[in-house]
């Protein structure tokens, strides 16, 4: 994420929130590709058979973020944290829908034999990660933010370190601890 876009994003966020429609359009143009890269990276980590596409995820995230009138965007960092959280929420909602009862009322589910199956059953990994992340958030909010940016947004170590204002080596140590912690909880 180029650092030269830091100031314009912050200014555009504030202007768009003040009701400037032109600023909102420029904001979308500035952050769209970054959000799309994050969505593609996150969607690539999910199992095959997903119905949600990265572009649809970006649009849903952007709509959720710009629809919030009670949030005062402090900075580009605040916006991208909110975007990561919105991506996480959307993916969790989708996983819950897929894992929930199938539409059709009281009809019994008829399983297809393996030769007919074309789509793998939905993974509940997103839900398990979500629950573990809530536990981590209660324990240490900074580590939770690292997971949001690394896992749900697909940011690199350097990008995450820049957003959080940490050195890459410090972030790398935290990330190793977090992964071990998550493996213990999810294993």
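Scoring residue 60 on the criteria (1) assigned to a helix (DSSP H, G or I); (2) out of contact with any helix residue (DSSP H, G or I) (no Cβ under 6 Å at 6 or more places or on another chain); (3) closer than 24 Å to residue 24 by Cβ leaves a single failure, condition (2). Residue 82 falls short of the stated requirement of being in a helix (DSSP H, G or I), closer than 15 Å to residue 10 by Cβ, in contact with a helix residue (DSSP H, G or I) (Cβ under 7 Å, 6 or more places away or on another chain) and touching a residue at least 40 places away in the same chain (Cβ under 8 Å). Can you confirm whether residue 57 is within 12 Å of residue 13 (Cα to Cα) and surrounded by 17 or more Cβ atoms within 10 Å (Cβ to Cβ)? Here the answer is no, as residue 57 does not meet what is asked. Looking across the range 41-54, just one residue is assigned to a helix (DSSP H, G or I) and surrounded by fewer than 16 Cβ atoms within 10 Å (Cβ to Cβ), and that is 44. Each residue in the range 1-50 was checked for being farther than 27 Å from residue 165 by Cα, within 20 Å of the chain's Cα centre (by Cα) and modelled with pLDDT of 80 or more, and 0 pass.
Mind listing whichever residues of the range 144-187 are assigned to a loop (DSSP other than H, G, I, E, B) and under 20 Å from residue 82 (Cα atoms)? Selection gives 153, 154, 155, 156, 165, 166.
The values are calculated or read from the model by the stated rules, or taken from the named source; none is laboratory data. Model, not experiment: these values are computed from the prediction. Glycine gets a Cβ as well: all are built from the backbone with ideal geometry, and neighbour counts include every protein chain shown.
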